Amino acid sequence: MKNYPGINNLRKYGTSPFNLAVIHGGPGAPGEIAPVARELSAFGGVLEPLQTAITIEGQVRELSEVLEKYGNLPVTLIGFSWGAMLSFMFTALHPHMVKKLILIGSGPYEEKYAANITKTRTSRLGKEDLKNFVRLTETLNDPSAKNRNEALCNFGKLMLKADTYDPLPHEEEELECNYESFKGVWEEASELRSKGKLLELGKEIRCPVVAIHGDYDPHPFEGVKEPLSRILKDFRFILLEKCGHQPWIEKEAKVKFYNSLKNEI
């Protein structure tokens, strides 16, 4: 199995059998969903695969290899943000490997819902943070920049300010950000979404799907609820009030989030 720079590309919580797998966002921001994996390990073994590939096909293959080797198939797959979209695609391509799919803070599944995400985020930033946003965006878009992994991590921290309603004190969980993974995968995903192919994959999903989403998340909940309600046979949507992109760090929503999640597993 490949190694992520400096780390193994799988972390395990609890003991076998591993019935649950949590999938991080980004792309290229491994480790952020570790608190959820730790919390759920009280109910059984949890796998936290760390995606390293720079293509969607590569990330799907990595996930398949991990689940085949370590998972008690079929597993309950819990994806966050980009990880929710990856898990959606994975479940469509490997339906026999997934018993249930849970999407947390997913990105939207149709392009029209994605148009205002950046505008919403920047409208929530103060003057200094806006300057940092412009500077980091320029760095990420500069092919000659040598510190784009670091810039991606800093960009993620800045966006968390805009994405959060009322955060509890928490430690940073990310390991090493990977700009090449972010760029390669997200360009593919954006194209799939804009052409309607992302949503179309949902027709291949056979298992129950549950989406959990914060009402303050700049990724509009309508972009998850409306398209998936049309395309999936067994779909439920849970909206958390006073909750941003990462429900597990939200003062007002953390308990409701974990109660909802534990009821689904």
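The values are calculated or read from the model by the stated rules, or taken from the named source; none is laboratory data. Only a predicted model underlies this, so the values are computations on that prediction, with no experimental measurement involved. Every residue, glycine as well, gets a Cβ built from its backbone with ideal geometry; the counts of neighbours run over all protein chains shown. Just so you know, the surface numbers come from the protein's heavy atoms only, side chains and all, with ligands and any DNA or RNA stripped out. Shrake-Rupley method; radii C 1.70, N 1.55, O 1.52, S 1.80 Å.
So which residues in segment 196-228 are touching an Asp or Glu at 6+ places or on another chain (Cβ under 9 Å) and among the aliphatic types (A, V, I, L, M)?
Let us first name the residues in segment 196-228 that are touching an Asp or Glu at 6+ places or on another chain (Cβ under 9 Å), namely 196-199, 205-210, 212, 214-219, 221, 223, 226-227.
The answer is 198, 199, 205, 209, 210, 212.
Output yes when any residue across segment 106-113 is open to solvent by 40 Å² or more (accessible area, probe 1.4 Å), among the small types (Gly, Ala, Ser) and either on the phi < 0 side of the Ramachandran plot or not in a loop (DSSP other than H, G, I, E, B) (or both), and no when none is. Checking segment 106-113: not a single residue is open to solvent by 40 Å² or more (accessible area, probe 1.4 Å), among the small types (Gly, Ala, Ser) and either on the phi < 0 side of the Ramachandran plot or not in a loop (DSSP other than H, G, I, E, B) (or both). For segment 23-41, the set of residues classified as of a type outside the set (S, T, N, Q) and part of a helix (DSSP H, G or I) consists of 34, 35, 36, 37, 38, 39, 40, listed by residue number. For residue 96, the conditions (1) assigned to a helix (DSSP H, G or I); (2) open to solvent by 80 Å² or more (accessible area, probe 1.4 Å); (3) touching a strand residue (DSSP E or B) at 6+ places or on another chain (Cβ under 8 Å); (4) in contact (Cβ under 8 Å) with a residue 60 or more places away in the chain all hold with the exception of (4). When segment 182-207 is filtered for residues that are over 22 Å from residue 156 (Cβ atoms) and open to solvent by 40 Å² or more (accessible area, probe 1.4 Å), the ones remaining, listed by number, are 191, 192, 194, 195, 197, 200, 201, 203, 204, 206. Exactly one residue out of 154, 141 is more than 18 Å from residue 221 (Cα to Cα) and in contact with a helix residue (DSSP H, G or I) (Cβ under 8 Å, 6 or more places away or on another chain): that is 154.
Can you pull out every residue in segment 53-76 that is closer than 15 Å to residue 11 by Cα and buried (at least 22 other Cβ atoms within 10 Å of the Cβ)? Result: 63, 67, 71.
Those residues that are small (Gly, Ala, Ser) and open to solvent by 40 Å² or more (accessible area, probe 1.4 Å), I need them from segment 7-26; list them, please. Working first, answer last.
Quick first cut of segment 7-26, residues small (Gly, Ala, Ser) only: 14, 16, 21, 25-26.
Answer for segment 7-26, where residues must be small (Gly, Ala, Ser) and open to solvent by 40 Å² or more (accessible area, probe 1.4 Å): 14, 16.
When residue 224 is tested against (1) open to solvent by less than 20 Å² (accessible area, probe 1.4 Å); (2) outside any helix (DSSP H, G or I); (3) in contact with a His (Cβ under 7 Å, 6 or more places away or on another chain), just one condition goes unmet, and that condition is (2). Here segment 42-84 is the region considered, the condition is being among the charged types (D, E, K, R) and part of a helix (DSSP H, G or I), and the residue that is farthest from residue 190 (Cα to Cα) is 69. Among the numbered conditions (1) under 25 Å from residue 206 (Cβ atoms); (2) buried (at least 20 other Cβ atoms within 10 Å of the Cβ); (3) at pLDDT below 95; (4) hydrophobic (A, V, I, L, M, F, W, C), the only one that residue 29 does not meet is (1).
Can you report the number of residues in segment 33-50 which are open to solvent by 20 Å² or more (accessible area, probe 1.4 Å) and of a type in the set (D, E, K, R)? Talk me through it step by step, then tell me what you get.
In the first step, residues of segment 33-50 are kept if they are open to solvent by 20 Å² or more (accessible area, probe 1.4 Å); the result is 35, 38-39, 41-44.
When the remaining residues are screened for being of a type in the set (D, E, K, R), the result is 38-39.
Looking only at that region, the number is 2.
Screening residue 18 against (1) farther than 21 Å from residue 249 by Cα; (2) within 19 Å of the chain's Cα centre (by Cα); (3) touching a residue at least 12 places away in the same chain (Cβ under 8 Å) leaves a single unmet condition, (2).
Is it the case that some residue within segment 228-246 is assigned to a helix (DSSP H, G or I), of a type in the set (Ser, Thr, Tyr), touching a residue at least 24 places away in the same chain (Cβ under 8 Å) and open to solvent by less than 70 Å² (accessible area, probe 1.4 Å)? Quick ask: steps written out before the conclusion?
Filtering segment 228-246 down to residues assigned to a helix (DSSP H, G or I) leaves 228-231.
Of the ones still in play, those that are also of a type in the set (Ser, Thr, Tyr) are 229.
Narrowing further to those that are touching a residue at least 24 places away in the same chain (Cβ under 8 Å): none.
Looking through segment 228-246, none of the residues is assigned to a helix (DSSP H, G or I), of a type in the set (Ser, Thr, Tyr), touching a residue at least 24 places away in the same chain (Cβ under 8 Å) and open to solvent by less than 70 Å² (accessible area, probe 1.4 Å).
Of all the listed residues (255, 210), the sole one being open to solvent by 70 Å² or more (accessible area, probe 1.4 Å) and among the aliphatic types (A, V, I, L, M) is 255.
When residue 130 is tested against the conditions (1) without any contact (Cβ under 8 Å) to a residue 60 or more places away in the chain; (2) open to solvent by less than 40 Å² (accessible area, probe 1.4 Å), the lone failure is (2).
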